[in-house]
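The values are calculated or read from the model by the stated rules, or taken from the named source; none is laboratory data. Not measured: the values here are computed from a predicted model. Reconstructed Cβ throughout: ideal geometry from the backbone, glycine too, with neighbour counts over all protein chains shown. Protein only, heavy atoms only, side chains kept; ligands, DNA and RNA dropped before computing areas. Shrake-Rupley method; radii C 1.70, N 1.55, O 1.52, S 1.80 Å.
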Amino acid sequence: MREPASEPSVLREPASEPSVLREPASEPSAPTLPEPLTTMASPFRMDYTYVAGTGRSVFLRGLAEGRMLARRCPACAQVYLPPPEFCSRCLSRLDEPFELDGRGVISTFCVVSFPFPGQVHEPPYVVAHIQVEGSGTRLMHLVREVDPADVRIGMEVEPVWAGEDERENSLTSIRHYRPAGDEYA
Amino acid sequence: MRDVAVVSFAQSPCEAANRRDDMAGILLPVIREALGAVGVDRDDVDFFASGSHDFFEGRTFAYIESLDAVGAWPPVSESHVEMDAAWAFAEAWSWLQLGEGDIALVYGIGRGSLAADLDQVLPAQLDPYFLAPLRPHRDALAGLQAAAMIDAGLTSERDLAEIVVRSLSAATGNPYAQKSGHLGVDQVLDAPYVSTPLREHDVAPVGDAAAVVVLAAGDAARRLGDRQAWVRGLDHRMDTHYPGVRNLTRSESTRVAAARAAELAGFGASEVDIAELHTEYSHAEPLLASALGLERTVVNPSGGPLAGRPVTATGLVRIGEAARRILDGRAGRALAHATNGPALQHNLVCLMSGEAAA
């Protein structure tokens, strides 16, 4: 064991340091290559405007008001939640938005138990696709207020909204979903 | 070679900043117009090809959003290039040459307005070791090229001002242009420098737009309309990555691409009636005209990119504008040029004619 602080000159000149690194170069046929550069800093910062478009804007503004707005395709009757502006099957402009109460059933889910940089929620937590009643598409959200081991496909769930003063043009205006069945009441 | 033609072209007006529409919203009416003009249903389209760049969108795989305007259900055959959509056109043309289908739709979306400051973004297209850390201004490499051309006696600031005046004047007849007007040469020369010797109007104004071209092969093309703009020759070539290695006053990649395209077409760039050139700067026009061997050709009758540059849609607009003049009978033969990269690094040349190959 070596005290790094006691040998400052070695630390400043890594190329001259351990003999192990020099061994390959001592093979008769190996050419002597210059030390390659391994790191250089060239930081980029880029700021963008994101254009949500008319369709998404309807839905995101609804969330800020505590309303879940869906839209129906006049051609194929598909109901989108969240709704784009045009049906991605028929390319028809979707009908006027209408409100759903947001209750539905879990159509599939997974339990995230892995920590990662930038993680917002403490693992383990449940990420689910929720088939909201009245919608033809599935909405992704968190399921909380239940032990992950008790979550099941087909479980009835309901949205838990953020307080009125915390709501924004974002899906985070719904804090999470929770079981809606009587046994959890 | 299979006979393949442009049968339809549509574009959206180039706007300095479209804050209303997402990608699908910009694109959908343009696709409808292009397909509607030739009575093609989207189910009849065998292949979709598109071009755009995440640089400009600020998201990875940003173009996926645009597929909502194509209708990717049931699943479609499609491809995307992370560059100007003129290269998506080249891919679709090749795909039709392979006989995989008869009708292809090519679209380009360019949104230059989303980045808060393009000078934060554009260094990322440069070599990360020798160029990007220097953070040259977005127009600095073009300035080097223009200054070298003037020094070599290939153009002058007054020549460039005349190109600007002619382009913006032509754009007054183009309803899709972002910028147009009847300016005087002295007025243009009074504008401040952006990157010497380039002044304000020498630099194409960046904007947001979408463009759509419908390509069809053989009898399918003949069935879709009375006139076709047959793609008689197409080629693209690339110069080396490090601009310091190149002679910036010449474009060897353009010259070679034009020679190869002419070999395929049976006629050369000097024999076309009009040329639409992807000139992101005024000085690119004399440089390209020389590389292509253009003589008395009308250049950029639409006004060209100096009247509006919807970034990655700009090259496809050149192909569409050139084809449109054949489709409406104003030109017999036309050339379209597109470019990618700094200081005309990568160049595409497309030769079209109202007559299919004999």
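Counting the residues of the range B:24-47 that are within 13 Å of another protein chain (Cβ to nearest Cβ) and under 19 Å from the mean Cα position of the chain (by Cα) gives 4. Check whether at least one residue in the range A:86-96 is open to solvent by less than 40 Å² (accessible area, probe 1.4 Å), over 17 Å from B:E65 (Cβ atoms), at pLDDT 95 or above and not charged (D, E, K, R), and report yes or no. No; the residues of the range A:86-96 include none that is open to solvent by less than 40 Å² (accessible area, probe 1.4 Å), over 17 Å from B:E65 (Cβ atoms), at pLDDT 95 or above and not charged (D, E, K, R). Selection of the range A:67-93 for residues being touching an Asp or Glu at 6+ places or on another chain (Cβ under 7 Å) and closer than 25 Å to A:A128 by Cβ yields A:R67, A:M68, A:L69, A:R71, A:R72, A:P84, A:S88. The criterion of at least 1 residues that are over 26 Å from B:V206 (Cβ atoms) and acidic (D, E) is met by the following strands (runs of 3 or more DSSP E) wholly inside the range B:1-106: B:78-81. Select from the range B:29-55 the residues that are at pLDDT 95 or above and hydrophobic (A, V, I, L, M, F, W, C) and list them in ascending order. Matches in the range B:29-55: B:V30, B:I31, B:A34, B:L35, B:A37, B:V38, B:V40, B:V45, B:F47, B:F48, B:A49.
Could you list, in sequence order, the residues of the range B:128-155 that are among the charged types (D, E, K, R), more than 14 Å from chain A (Cβ to nearest Cβ) and surrounded by 15 or more Cβ atoms within 10 Å (Cβ to Cβ)? If the condition is that a residue be among the charged types (D, E, K, R), more than 14 Å from chain A (Cβ to nearest Cβ) and surrounded by 15 or more Cβ atoms within 10 Å (Cβ to Cβ), then B:D139 is the only one that fits. For the range B:283-298, indicate whether the set of residues that are touching a Cys at 6+ places or on another chain (Cβ under 8 Å) and farther than 18 Å from B:D235 by Cβ is non-empty. Checking the range B:283-298: not a single residue is touching a Cys at 6+ places or on another chain (Cβ under 8 Å) and farther than 18 Å from B:D235 by Cβ. Inspection of the range B:197-218 finds no residue satisfying the criterion of being in a helix (DSSP H, G or I) and either at pLDDT below 95 or basic (K, R) (or both). Might you check whether a residue that is over 16 Å from the mean Cα position of the chain (by Cα), surrounded by 15 or more Cβ atoms within 10 Å (Cβ to Cβ) and of a type outside the set (D, E, K, R) occurs anywhere in the range A:122-131? Taking every residue of the range A:122-131 in turn, at least one turns out to be over 16 Å from the mean Cα position of the chain (by Cα), surrounded by 15 or more Cβ atoms within 10 Å (Cβ to Cβ) and of a type outside the set (D, E, K, R). Within the span defined as the range B:80-100, every residue fails to be open to solvent by less than 30 Å² (accessible area, probe 1.4 Å) and in contact with an Asp or Glu (Cβ under 6 Å, 6 or more places away or on another chain).
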